[in-house]
């Protein structure tokens, strides 16, 4: 299997009554870039994001790949913090 580093972008998440987006780097082993994206989305969905975001039926929250790179090894990425960087999606009106 190939190794991939994906920069994921989450949009339209309600966190503390504010619409937020985020970026998160995810590392996965997969047979293809498309399968790597599916795995990365599942990793994020099954993380602590479930506790942070107020998920409601009909929400327009999305997680997608912003950038994907095939890497040779995860050897130097063992200590990489895979935390999220949040940003506000509120319009300053």
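The values are calculated or read from the model by the stated rules, or taken from the named source; none is laboratory data. Everything numeric in this text was worked out from a predicted model, so none of it was measured. No Cβ is skipped: glycine too gets one built from the backbone with ideal geometry, and neighbour counts run over all protein chains shown.
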Residues (touching a helix residue (DSSP H, G or I) at 6+ places or on another chain (Cβ under 6 Å) and at pLDDT below 95) located in segment 39-71: 63
Checking residue 36 against (1) part of a strand (DSSP E or B); (2) modelled with pLDDT of 95 or more; (3) within 17 Å of residue 2 (Cα to Cα), the condition it does not meet: (1)
Residues of segment 72-93 satisfying the condition of being part of a loop (DSSP other than H, G, I, E, B) and either closer than 30 Å to residue 18 by Cβ or at pLDDT 80 or above (or both): 72, 73, 74, 80, 81, 82, 83, 89, 90, 91, 92, 93
